[in-house]
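The values are calculated or read from the model by the stated rules, or taken from the named source; none is laboratory data. This structure is a prediction, so every number in the text was calculated from the model and none was measured. All Cβ positions, glycine included, derive from the backbone under ideal geometry; neighbour counts span all protein chains shown.
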Amino acid sequence: MHIKKFLTIALSMLTAAVAVSHAGTPIPLDSCRSMALRNNKTMQIAQERIKAAEYQKKQAFAAYLPGIDFAGGYMYNQKEISLLSGDQMLPTKTFNPATGTYDFNLLTGPDGRPVQVNGQYVPTQVALIPKEAMTFDIHNLFAGAVTLTQPMYMGGKIRALNKMAEMGQEIASLMHDNAARE
């Protein structure tokens, strides 16, 4: 208990001695003024407003530049897509010089008329479209896009934005100077 009192008194005396030794040192007026300006909250706020105005000016200038956007995506799918249910047989045509048109190559009977089976004409030649030709493997789908946007004409908005940013910068510096005078 006595040790705590002794330490408390010793620390108090040491602190008082240091304070008294510095209290007698004269500080020049210029140093006082510079310390006051450095520690003044109004000046610090004004300085930050100047920085903010500079950044706003840079942002306004960036409106002249093109914007670049990147987008991408991936999708995994378990199934394949097939546009055809089976192999397709398409009838072919030949050019008929007498009529100047293309006619189907149809099987004709002994009477010269096209033969029908189940209400459908029977072609003599067919073109094969295999099912595999219209089957797409879409297990792994990737998509990507890069977009470049350049403003062509904004009705003078970008120029006005730059002028306003310059004025904001001037106002911030004038407010800083005014705060320094006060």
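Tabulated results
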read-out: Filter result (at pLDDT 75 or above and either farther than 30 Å from E182 by Cα or of a type in the set (K, R) (or both)) within the stretch 14-53; value: T15, R33, R38, K41, R49, K51
read-out: Top-ranked residue of the stretch 83-99 - restricted to ones that are not small (G, A, S) and not in a strand (DSSP E or B), ranked as nearest to the chain's Cα centre (by Cα); value: L83
read-out: Check on Y102, of a type in the set (S, T, Y), in contact with a Lys or Arg (Cβ under 6 Å, 6 or more places away or on another chain) and either touching a residue at least 24 places away in the same chain (Cβ under 8 Å) or part of a strand (DSSP E or B) (or both); value: yes
read-out: E80 being surrounded by 12 or more Cβ atoms within 10 Å (Cβ to Cβ), under 37 Å from the mean Cα position of the chain (by Cα) and either at pLDDT below 85 or of a type in the set (D, E, K, R) (or both); value: no
read-out: Residues located in the stretch 64-77, provided they are farther than 30 Å from P151 by Cβ and surrounded by 10 or more Cβ atoms within 10 Å (Cβ to Cβ); value: M75, N77
read-out: Test result for E166, among the charged types (D, E, K, R) and either in a strand (DSSP E or B) or in contact (Cβ under 8 Å) with a residue 24 or more places away in the chain (or both); value: yes
read-out: So G144, is it within 23 Å of E54 (Cα to Cα), under 27 Å from the mean Cα position of the chain (by Cα), modelled with pLDDT of 90 or more and of a type outside the set (D, E); value: no
